[in-house]
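To start, the structure itself, in structure tokens.
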Amino acid sequence: MDNYSGVNEQQKLSQKIVELSLNSSTISKIFQLADVDIQNRHRRSPQKDERINELLRKIPSEIRQIYDCLGPIYEINPKYQIIYQNDGSIYFGQGVEGRKIGTGIQIWPEQGNILDGNWENDELEGQCRMVYSNKDIFECLFKQGRANGFGVFQSQKKTVKGIWIDNNLSGEGQEFRKDGQRYYGQFQDGQKNGQGIIYFKDGCKYEGELRKNREDGMGTMIWSDCSYYDGEFRLGVIKGRGVYSSGNGYSLMGYFQEEVQKDRKQKIQRIIYKHENGSKLIIEKIRQL
């Protein structure tokens, strides 16, 4: 088996992502292709090697179990060598004169982290995956030691898929939370930033501008009862001029301001409508935040 074939495939995929127009349908198709590629590599049965088993025994058992389920990214071969690193980690893989060159596995016994990757002159280059001691998993294409390309991050609370640029999630991406909330849209420096769509776990939907992970700018909130607000948002809440429609033909136009909830688990979303003539109206929505 050619250890570099997977790297070349991922480089081609990453280049294709950059070149294509990143509309929502294109992004979904590309993400599906990348997911299939990652899943296919996880189904491989790499050659067993007692040396790596011995090294893995230095890692906490729960992290070792996660790694055993995933398996190494690249096939282990008898020419792999053990190189002890200055930071206390142990490298098991291809190398020349103490430098990491080629495929291998790096283990941090004290921290409990495990890194699978391909190296060029001690820098990550190609498809790599880190399993962290807190059970987070990050797999991405690396260039010159930094994440640059399509990647997938998984934690106990969410899964994020998208394009990483210089170690930061930037551009089109997707986030799926374990509680059912989904996000499709743009990221910048690891945060939701730009145009996007949020599907909340209670059936409501937001579509519009976001800044630093919060609804901010022009957007539309559609509630599960088919009513909607189209207008301005600030720092994650409705605030500014807009239009509210009850869904049965009744509508309001003017200034709206949502009460900021200290307890985000409250089920009542309260919005105050202010008409130009000074009259006020309170709109309440039952939510499952």
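Only the coordinates and a few stated rules stand behind these numbers; no lab work does. Please read these numbers as outputs of a predicted model, since none were measured by experiment. Heads up, the Cβs are rebuilt from the backbone with ideal geometry, glycines too, and the neighbour counts pull from every protein chain shown.
The figures follow:
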read-out: Length gained when the stretch residue 159-residue 61 is fully extended (0.36 nm per residue, less Cα-Cα span); value: 33.0 nm
read-out: Inter-label distance for residue 96 and residue 257, nm, one decimal - labels placed 7 Å from Cα along Cα-to-Cβ; value: 6.8 nm
read-out: Counting all C-alpha pairs of segment 133-207, share separated by more than 20 Å (%); value: 32 percent
read-out: Anisotropy class of segment 200-289 from Cα gyration tensor, a/c 1.5 cut; value: rounded
read-out: Residue pairs, from the table 157/239; 158/192; 192/267; 239/285, whose Cα atoms sit over 26 Å apart; value: 157/239
read-out: Point-to-point label distance, residue 243-residue 213, nm (Cα→Cβ direction, 7 Å offset); value: 3.4 nm
read-out: Alpha-carbon centroid distance for the pair segment 216-263 / segment 109-150, whole angstrom; value: 43 Å
read-out: Proxy reagent accessibility, fewest Cβ within 10 Å first, across 152, 260; value: 260, 152
read-out: ³J(HN,Hα), Karplus 6.51/-1.76/1.60, whole Hz, each residue of segment 193-203, x for Gly, Pro; value: 8, x, 8, x, 10, 10, 9, 7, 5, 8, x
read-out: Packing-based order for 107-113, 214-220, 178-184, using average beta carbon neighbours within 10 Å, highest first; value: 214-220, 107-113, 178-184
read-out: Fewest-first ranking of 54, 125, using other Cβ atoms within 10 Å as the exposure measure; value: 54, 125
read-out: Positive-end extreme of charge dipole, segment 200-289 - chosen from 218, 268, 282 (charges on Cβ); value: 268
